[in-house]
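J.: Below is a structure I'd like to ask you about.
The values are calculated or read from the model by the stated rules, or taken from the named source; none is laboratory data. Please read all numbers here as calculations on a predicted model, not as lab measurements. Here the Cβ is made from the backbone with ideal geometry for all residues, glycine too, and neighbour counts use every protein chain on show.
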Amino acid sequence: MSLFSFTRKKQQPKSAQTAKDRLQILLAHERSSSGKAEVDYLPMLQRDIVAAIRKYVPIGETDVDVRMERGDQMSSLEINIELPKIAKSKDG
Amino acid sequence: MTTEPKSNPPLGRVIVITSGKGGVGKTTSSAAISAGLAKQGFKTVVIDFDVGLRNLDMTMGCERRVVFDFINVIQGDAKLKQALIKDKRLDTLFILPTSQTRDKDALTKDGVEKVLTELRSEFDYIICDSPAGIEHGAQMAMHFADEAVVVTNPEVSSVRDSDRVLGLLSSQTKRAETEGSDPIKAQVLITRYDETRVENGEMMTIEDVLEILAVPLLGVVPESKAILKASNVGTPVVLDGPSAAAQAYEDAVLRLTGKQVEMRIQGERRAGLFKRLFGRAS
């Protein structure tokens with residue numbers, strides 16, 4: 001640390017505060033799932049969605065993409081379903 | 001040194017030293033806390049639960065005296081008395097080393113319980129040095145505990161893992177599963193604390209860590225050169241001459257035994273103003 005760094009010290013973001021904020025957000029979510037990884041159900045959700053859509057449209061296992069975005073106040077579940085361009089008929 | 005056994009019958013208290021994350025100071029803390037308790041006159045045994053990666057023996061300086069181990073006792077190949085190694089410095093301190101060659105699956109719940117029950121009838125404190133992680137070995141180390149010391153560095157992954165471990169302590173242990181029994185008394189021991197970095201805003205403060213983990217504080221061990229020096233020579237840091245780290249462990253030990261000790265945070269002796277300004281050049 002040089003003598004002149006005193007003048008800049010205040011403006012720098014404190015990484016310790018960032019660490020604390022990140023932990024608080026993350027742990028609030030991890031605790032709410034009572035010790036189990038909360039994203040555990042996402043693969044099952046994906047399977048169920050695929051099964052439901054398949055009743056009407058033929059799609060593959062990988063055509064559904066489920067993502068979770070965890071935020072401080074709320075979390076969002078993003079589900080992307082890739083439908084085939086032209087629905088193929090079963091006989092065709 | 002006062003080494004006369006204090007209580008009769010023995011207290012028989014099982015304390016797990018755990019953390020989740022590796023490398024935060026579990027074995028160092030297990031060695032220091034058990035030696036500190038023995039120094040206070042409590043008959044103490046420290047058990048290595050890290051099957052396959054034996055290290056407590058080196059930290060305690062008894063690696064050349066291991067004949068039988070914890071797994072031999074569990075499997076009935078040796079008597080507990082044969083496997084316990086008596087410390088050469090304190091006659092109230094014993095070490096139960098683990099196996100270097102076996103697999104952690106050798107730790108059966110019944111076997112661990114049997115050994116701990118036998119130890120409870122003879123020792124005041126039974127310190128269980130947990131392996132890192134939250135797998136079988138770590139679960140066995142915490143399962144029968146009355147008390148837990150969660151070793152945490154003021155760093156994001158360590159705090160996160162400590163939180164996870166606290167969750168397991170309150171849900172996956174014997175005390176948690178037994179209706180009507182008190183929960184495990186969990187407390188956090190902050191290690192590798194660097195006051196200068198905290199002042200510069202580069203490291204989370206004690207208050208930050210406690211606010212997140214929401215458990216009582218057992219002590220704060222400063223980052224200290226004395227720790228490596230003590231482990232180099234196989235001496236628990238509290239027996240290796242005065243240092244800030246040794247003082248912090250001694251205080252933590254007193255708190256474990258129920259004494260009220262003011263929380264004082266000493267770093268390595270801080271460099272003077274002159275050295276802080278011009279220290280880089282030297």
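Residue-by-condition table, conditions (1) crowded, with 23+ Cβ neighbours inside 10 Å; (2) among the hydrophobic types (A, V, I, L, M, F, W, C); (3) at pLDDT below 95:
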residue: B:Arg89; (1), (2), (3): no, no, no
residue: B:Leu93; (1), (2), (3): yes, yes, no
residue: B:Arg102; (1), (2), (3): no, no, yes
residue: B:Gly111; (1), (2), (3): no, no, no
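J.: Another question, if that's okay. Is there a residue in the range B:214-226 that is surrounded by fewer than 21 Cβ atoms within 10 Å (Cβ to Cβ), within 14 Å of chain A (Cβ to nearest Cβ) and either in a strand (DSSP E or B) or under 18 Å from the mean Cα position of the chain (by Cα) (or both)?
T.: For the range B:214-226, residues surrounded by fewer than 21 Cβ atoms within 10 Å (Cβ to Cβ), within 14 Å of chain A (Cβ to nearest Cβ) and either in a strand (DSSP E or B) or under 18 Å from the mean Cα position of the chain (by Cα) (or both): present.
J.: Do we find a residue being at pLDDT below 95 and crowded, with 20+ Cβ neighbours inside 10 Å anywhere in the range B:8-16?
T.: Within the range B:8-16 (the criterion being at pLDDT below 95 and crowded, with 20+ Cβ neighbours inside 10 Å), the answer is no, since none of the residues qualifies.
This table checks each residue for (1) more than 15 Å from B:Leu56 (Cβ to Cβ); (2) within 20 Å of the chain's Cα centre (by Cα).
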residue	(1), (2)
B:Lys81	yes, no
B:Ile95	no, yes
B:Thr108	yes, no
B:Leu116	yes, yes
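J.: Considering each residue of the range B:58-73, count those that are touching a Ser or Thr at 6+ places or on another chain (Cβ under 9 Å), surrounded by fewer than 22 Cβ atoms within 10 Å (Cβ to Cβ) and not small (Gly, Ala, Ser), and give that number.
T.: Count: 2.
J.: Could you tell me which of the residues B:Ser181, B:Ser171 is within 12 Å of another protein chain (Cβ to nearest Cβ), over 20 Å from the mean Cα position of the chain (by Cα), among the hydroxyl-bearing types (Ser, Thr, Tyr) and surrounded by fewer than 22 Cβ atoms within 10 Å (Cβ to Cβ)?
T.: Answer to the check: B:Ser171.
J.: Another question, then. Go through the range B:12-30 and give me each residue that's closer than 18 Å to B:Leu96 by Cβ and touching a strand residue (DSSP E or B) at 6+ places or on another chain (Cβ under 7 Å). Before you say what the answer is, go through the steps one by one.
T.: First pass over the range B:12-30, keeping only residues closer than 18 Å to B:Leu96 by Cβ: B:12-18, B:26-30.
Correct list: B:Arg13, B:Val14, B:Ile15, B:Val16, B:Ile17, B:Thr18, B:Lys26, B:Thr27, B:Ser29, B:Ser30.
J.: Here's a follow-up. Just the residues that are more than 9 Å from chain B (Cβ to nearest Cβ), at pLDDT below 75 and loosely packed, with under 13 Cβ neighbours inside 10 Å, please, taken from the range A:1-58.
T.: Across the range A:1-58, the qualifying residues are A:Phe4, A:Ser5, A:Phe6, A:Thr7, A:Arg8, A:Lys10, A:Gln11, A:Ser32, A:Lys36, A:Ala37, A:Asp40.
Let's see how each residue does on (1) surrounded by fewer than 17 Cβ atoms within 10 Å (Cβ to Cβ); (2) of a type outside the set (Gly, Ala, Ser); (3) in a loop (DSSP other than H, G, I, E, B); (4) touching a Pro at 6+ places or on another chain (Cβ under 7 Å):
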| residue | (1), (2), (3), (4) |
| --- | --- |
| B:Ser99 | no, no, yes, no |
| B:Glu118 | yes, yes, no, no |
| B:Cys128 | no, yes, no, no |
| B:Ala145 | no, no, yes, no |
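J.: Could I ask something else about it? Name every residue in the range B:70-91 that is touching a strand residue (DSSP E or B) at 6+ places or on another chain (Cβ under 6 Å) and in a loop (DSSP other than H, G, I, E, B), in order of residue number.
T.: Matches in the range B:70-91: B:Leu84, B:Asp87.
J.: Here's something else I'd like to know. Do we find that B:Val159 is more than 10 Å from every other protein chain (Cβ to nearest Cβ), aliphatic (A, V, I, L, M) and not in a loop (DSSP other than H, G, I, E, B) in this structure?
T.: Answer is no for this residue.
J.: Which one is nearest to the other protein chains (Cβ to nearest Cβ) among residues in the range B:130-143 that are assigned to a loop (DSSP other than H, G, I, E, B) and crowded, with 24+ Cβ neighbours inside 10 Å?
T.: Looking at residues that are assigned to a loop (DSSP other than H, G, I, E, B) and crowded, with 24+ Cβ neighbours inside 10 Å, I get B:Ser130.
J.: Report yes if B:Gly111 is in contact with a helix residue (DSSP H, G or I) (Cβ under 6 Å, 6 or more places away or on another chain), part of a helix (DSSP H, G or I) and under 20 Å from B:Gln187 (Cα atoms), otherwise no. Please lay out each step first, then the result.
T.: Working: in contact with a helix residue (DSSP H, G or I) (Cβ under 6 Å, 6 or more places away or on another chain): yes; part of a helix (DSSP H, G or I): yes; under 20 Å from B:Gln187 (Cα atoms): no.
So B:Gly111 fails the test.
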